[in-house]
1. Restricting the search to the stretch 37-73, which residues are in contact (Cβ under 8 Å) with a residue 24 or more places away in the chain and either assigned to a loop (DSSP other than H, G, I, E, B) or within 9 Å of the ligand (Cβ to nearest atom) (or both)?
2. Do we have any residue at all in the stretch 34-47 that's more than 15 Å from residue 63 (Cα to Cα) and either surrounded by 11 or more Cβ atoms within 10 Å (Cβ to Cβ) or within 12 Å of the chain's Cα centre (by Cα) (or both)?
3. Which numbered condition trips up residue 20, out of (1) of a type in the set (A, V, I, L, M); (2) touching a Pro at 6+ places or on another chain (Cβ under 8 Å); (3) away from the ligand (no atom under 16 Å from the Cβ)?
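What follows is calculated from the coordinates using simple rules that are stated; it is not laboratory data. A quick note: this is a predicted structure, and the numbers were derived from the prediction, not measured. Reconstructed Cβ throughout: ideal geometry from the backbone, glycine too, with neighbour counts over all protein chains shown.
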Amino acid sequence: MRPVFFIIIAVVIVYAVVMIIVTLRKGANSHFVCPKCGHDFQVKGAGYLLSPKTLSSHDVTCPKCGYRGFMEVQKGTK
Ligand SMILES: [Zn+2]
């Protein structure tokens, strides 16, 4: 393999790690409000990272009533 391949692979790995860190930090600084019961909760770590998402909402499950659906990401902790 030519050295350029290693550079591309290194850049992709660094980019992936940075995106994971940014997403985890965002998860630690955001919360969700359940549209069904109004419960205010946080989803952190892998649950936040791996949940299906759009630009402003995540497909998460309310820990209180079990409602699952796309909920808007609210800034800040509760
Ligand atoms: Zn709920």
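1. Going through the stretch 37-73, the residues in contact (Cβ under 8 Å) with a residue 24 or more places away in the chain turn out to be 37, 39-42, 48-49, 58, 60, 62-65, 67, 69, 71-73.
Of everything in the stretch 37-73, those that are in contact (Cβ under 8 Å) with a residue 24 or more places away in the chain and either assigned to a loop (DSSP other than H, G, I, E, B) or within 9 Å of the ligand (Cβ to nearest atom) (or both) turn out to be 37, 39, 41, 42, 62, 63, 64, 65, 67, 73.
2. Yes, there is a match, as at least one residue in the stretch 34-47 is more than 15 Å from residue 63 (Cα to Cα) and either surrounded by 11 or more Cβ atoms within 10 Å (Cβ to Cβ) or within 12 Å of the chain's Cα centre (by Cα) (or both).
3. It fails just one condition, (2).
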